[in-house]
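Okay, so here's the structure we're looking at.
The values are calculated or read from the model by the stated rules, or taken from the named source; none is laboratory data. As the structure is a computational prediction, the values presented were derived from the model and not from experiment. A quick note on method: Cβ atoms are made from the backbone with ideal geometry, for glycine too, and the neighbour counts reach across all protein chains shown. Accessible surface areas use protein heavy atoms only, side chains included; no ligands, DNA or RNA. Shrake-Rupley method; radii C 1.70, N 1.55, O 1.52, S 1.80 Å.
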Amino acid sequence: MKLTQKDLLGIKDLSVEEINLILDTAESFIEVSTREIKKVPTLRGKTVINLFLEASTRTRTSFEIAGKRLSADTINISSSTSSIVKGETLIDTAKNLEAMNPDIIVIRHSAAGAPHILAKTVKQSVINAGDGAHEHPTQALLDLMTIRSKKGQIAGLQVAICGDIAHSRVARSNIYALTKMGASVTVAGPATMMPRYIEQMGVKACCKLEDAIVDADIIMMLRIQLERQTEHIFPSLREYSTYFGLNRKNITLAKDDVLIMHPGPVNRGIELAPDIADAPFSIILDQVTNGVAVRMALLYLLTGGN
Amino acid sequence: MANQKVVMDADGIDRSLTRIAYEIIEKNKGVESLILVGIRTGGVFLAQRLREKILKIEGVEIPMGILDITLYRDDVLKTQKKPLLGKTDMPSSLDNKKVILVDDVLFTGRTIRAAMDALIDFGRPKLIQLSVLVDRGHRELPIRADFVGKNLPSSLWEAVTVHLTEKTGRDEVVIEESV
């Protein structure tokens, strides 16, 4: 079994079979990270470049650890220390990296479509680690994996995604992923953060958080992305928190065994009350653990086989 | 599927496993610090059967691990289709353990090479012994088995398949000319 494309640019391009292959492979990789010697020799002699042109703790560390646990050489480039500050274009940077013959390039960029340009420019496999407000496929895959391991399956579940839907690549990738896998998705957020025609993606849209989380099996809270907002789209953080924050009171509307997810970083006290973020039914840190396994699976599946 | 020949039937497999179980106990002077490690997938079922047999003989349930060697294969990045990765499950560190590695067919020895590399990542075993149901020859590496169910001379054009009830519904070792 193999993935049909050279790159992983978005969930939109993946088939259900490919998603299942990635999740099954990732589940087998979980064990490697629990060993005393957390390393297998599989990608010995391979080079992975992590080109992170936008801030990241989790995703970058996760990709770096994933590469290292597979014995690949990993190199991290961030925008502040790269020649991008000297005015080099993305394509020139890509061609120069390609000339050093890596095997996989992981890219995060603030512009939607940057990984796609890179994938057309270089012969290496490109993994999208988040492009603007477009997609964040590895996040959606680790979310699917976390849901599947906690709930046994994804099909038939009621999932609410709440917050800044319009600016969220996590929401977009998860909507593609969850609907492909047969879950029912409801999104909620202030009208200014709700894309028009969102229903065309196969989801139900609500203007009130309470409406979206009724009978939910899973609630995914999104971070308010102050860095992507060009104008004031809500009056104040306090008001946002009052109407769209998840707390002890409104969570009772969901199913008794509801699980809370968040892609991180959490704005405590804004979208998530602190006691909810730390509650036993919060699986935010499981998401992080599974993230390493999903990225190991992708590096493994995208390397070699010529 | 021309020229299929059954070289071991269910009784034959069971007798071989009984003998191997006795041999393991004899060679190691008991079951102290033994651990059975089955190589996915055939070796896992054989290791389970050996474990039951040793329990019957010695009255001791010895620990058992499951090993998937995919990540250690020397051709893992060269094959067109990636082998599906299975789960490895090692119950404890292998430090100072006597490891009985169990597989169904011993052929080139490359699987065993990969398995030994994997085992070392789980600690420093006191020793590793190899148990196989069938040794069909054609080694490409300096590896030999300590316990063999049946030595089966074969040509490179033949395929040897071990069928186990847990996997394919019947116990049988079949040799056939491969197409």
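Among the residues of the stretch A:1-23, just one is closer than 22 Å to A:HIS134 by Cα, free of Cβ contacts under 8 Å to residues at least 40 places away in the same chain and touching a Leu at 6+ places or on another chain (Cβ under 8 Å), namely A:GLU18.
When residues in the stretch B:70-92 are screened for being in contact with a Ser or Thr (Cβ under 7 Å, 6 or more places away or on another chain) and either under 15 Å from A:ARG35 (Cα atoms) or basic (Lys, Arg) (or both), 2 of them pass.
Of the residues making up the stretch A:13-34, just one is away from every other protein chain (no Cβ under 11 Å) and either within 18 Å of B:LEU67 (Cβ to Cβ) or among the basic types (Lys, Arg) (or both), namely A:SER33.
Filtered by the rule that a residue be in a loop (DSSP other than H, G, I, E, B) and facing chain A (nearest Cβ under 7 Å), the stretch B:69-83 gives B:VAL76, B:LEU77, B:LYS78, B:THR79, B:GLN80, B:LYS81, B:LYS82. Against the test of being free of Cβ contacts under 8 Å to residues at least 60 places away in the same chain and within 19 Å of A:LEU222 (Cβ to Cβ), the options A:ALA133, A:ALA129, A:ALA166 yield a single qualifying residue, A:ALA166.
Rundown of residues vs (1) within 14 Å of chain B (Cβ to nearest Cβ); (2) of a type outside the set (A, V, I, L, M); (3) touching a His at 6+ places or on another chain (Cβ under 7 Å); (4) within 30 Å of A:VAL106 (Cα to Cα), yes/no style:
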| position | (1), (2), (3), (4) |
| --- | --- |
| A:ASP211 | no, yes, no, no |
| A:SER236 | no, yes, no, no |
| A:ASN247 | no, yes, no, no |
| A:ILE283 | no, no, no, yes |
| A:ASP286 | no, yes, no, yes |
| A:GLY291 | no, yes, no, yes |
| A:VAL294 | yes, no, no, yes |
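Applying the condition of being more than 10 Å from chain B (Cβ to nearest Cβ) and out of contact with any Asp or Glu (no Cβ under 8 Å at 6 or more places or on another chain) to the stretch A:35-54 and asking which residue is farthest from A:SER78 (Cα to Cα) yields A:ILE49. Restricting A:ILE251, A:ILE219 to residues that are closer than 18 Å to A:VAL170 by Cα, surrounded by 15 or more Cβ atoms within 10 Å (Cβ to Cβ) and of a type in the set (A, V, I, L, M) narrows the list to A:ILE219.
Per-residue answers, yes or no, for (1) farther than 26 Å from A:GLY45 by Cα; (2) at pLDDT 95 or above; (3) open to solvent by 50 Å² or more (accessible area, probe 1.4 Å); (4) of a type in the set (A, V, I, L, M, F, W, C):
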residue	(1), (2), (3), (4)
A:GLU88	yes, no, yes, no
A:ILE105	no, yes, no, yes
A:SER110	yes, no, yes, no
A:ALA114	yes, yes, no, yes
A:ALA119	no, yes, no, yes
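Among the residues of the stretch A:131-170, the ones that are buried (at least 24 other Cβ atoms within 10 Å of the Cβ), in contact with a His (Cβ under 7 Å, 6 or more places away or on another chain) and either under 23 Å from A:ASN101 (Cα atoms) or among the aliphatic types (A, V, I, L, M) (or both) come to 1 in all. Where the second residue is at pLDDT below 95 and of a type outside the set (Phe, Trp, Tyr) and the first is within 19 Å of A:GLY304 (Cα to Cα) and open to solvent by 40 Å² or more (accessible area, probe 1.4 Å) and lies in the stretch A:24-47, which pairs have Cβ atoms under 6 Å and are six or more apart or on separate chains? Cβ pairs passing all conditions: A:LYS46/A:THR303.
Summed over the stretch A:185-209, residues that are surrounded by fewer than 18 Cβ atoms within 10 Å (Cβ to Cβ) and among the polar types (S, T, N, Q) total 2. Among residues of the stretch B:84-109 being open to solvent by 10 Å² or more (accessible area, probe 1.4 Å), more than 14 Å from chain A (Cβ to nearest Cβ) and free of Cβ contacts under 8 Å to residues at least 60 places away in the same chain, the one that is nearest to B:ALA47 (Cα to Cα) is B:PHE107. Scanning the stretch A:38-96 for residues that are within 17 Å of A:VAL288 (Cβ to Cβ) and in contact with a Leu (Cβ under 7 Å, 6 or more places away or on another chain) gives A:ALA66, A:GLY67. Among residues that are within 20 Å of B:GLN48 (Cα to Cα), modelled with pLDDT under 95 and out of contact with any Pro (no Cβ under 9 Å at 6 or more places or on another chain), B:LYS150 is not included.
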